[in-house]
Amino acid sequence: MAATPAQLHELLTYCMDFGQIMLKHSGEFYPFGAVLSPEGKVVAVGGSNGNEHPKAREIYHLLTETFEFAAKNGKIFGAALAANVNVPEQYDSPSRDALRVHLETQGYARFIYAPYEITKSGFLKRKSAIILHEHFSVDVNPVFFTPEAT
């Protein structure tokens with residue numbers, strides 16, 4: 001069973017909103033995600049490899065494997081994996097920094113990029129604001145919901 005467009009939008013919105021909060025408060029974030037349960041509920045997902053300061057790439061791979069396993073076993077019907085990335089050079093982006101969400105369900109796989117800039121203001125530049133530029137999407141090969149996995 002595939003997630004509906006409305007359910008995919010819920011997953012994307014969750015990741016975009018939480019990513020913006022993390023960027024505003026910390027200026028960065030570890031990869032995180034959300035999945036669509038068989039009951040149609042959006043469930044937040046984080047990852048830990050036991051290290052206090054893991055590499056972001058390790059957490060990304062851990063969550064990727066988790067989502068692949070869950071999709072293969074019918075535990076989820078949609079997944080969104082957010083990461084703080086640099087926009088590849090081939091894309092015309094107003095900023096190289098982006099919040100990227102890998103959004104996927106059966107028959108649909110996209111990277112949604114939200115280029116951003118962080119501005120600092122106030123006394124001692126303590127207040128951060130996020131300038132979010134227009135999102136764009138890129139078709140990608142499925143990773144979580146591959147034909148052989150579902």
message = Run the helix sum for the chain: -39,500 (n - 2.57) per DSSP H stretch of 4+ residues, divided by residue count, reported at 222 nm to the nearest 500 deg cm²/dmol.
response = -9000 deg cm²/dmol
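Apply 1/(1 + (r/R0)^6) to the Cβ-Cβ distance of Val138 and Glu52, taking R0 = 30 Å, and write down the FRET efficiency to the nearest 0.05.
Computed FRET efficiency for Val138 and Glu52: 0.35.
Can you put Glu65, Glu39 in order, fewest other beta carbons within 10 Å first?
Ranking Glu65, Glu39 by Cβ neighbours within 10 Å, fewest first, gives Glu39, Glu65.
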note = Candidate cut points under chymotrypsin sites (Phe, Trp or Tyr not before Pro) in the stretch 56-150, DSSP loop plus at most 13 other Cβ atoms within 10 Å of their own Cβ, are Tyr91
key: Cα pair distances exceeding 21 angstrom across the chain, given as percent   = 45 percent
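Working out 0.36 nm times the residue gap between Ser26 and Glu39, then minus their Cα-Cα distance, what length gain in nm do you get to one decimal? The partial results should precede the final answer.
On the way: separation 13, 0.36 × 13 = 4.68 nm, distance 3.33 nm.
Full extension from Ser26 to Glu39 adds 1.3 nm.
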Extension gain from Ala129 to Gln90, taking 0.36 nm per residue of separation minus the Cα-Cα distance = 11.3 nm
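Computed from the coordinates by the stated procedures, all read-outs in this text should not be read as laboratory data. Computed from a predicted structure; not experimentally measured. Note: ideal-geometry Cβ built from the backbone for every residue, glycine included; neighbour counts use all protein chains shown.
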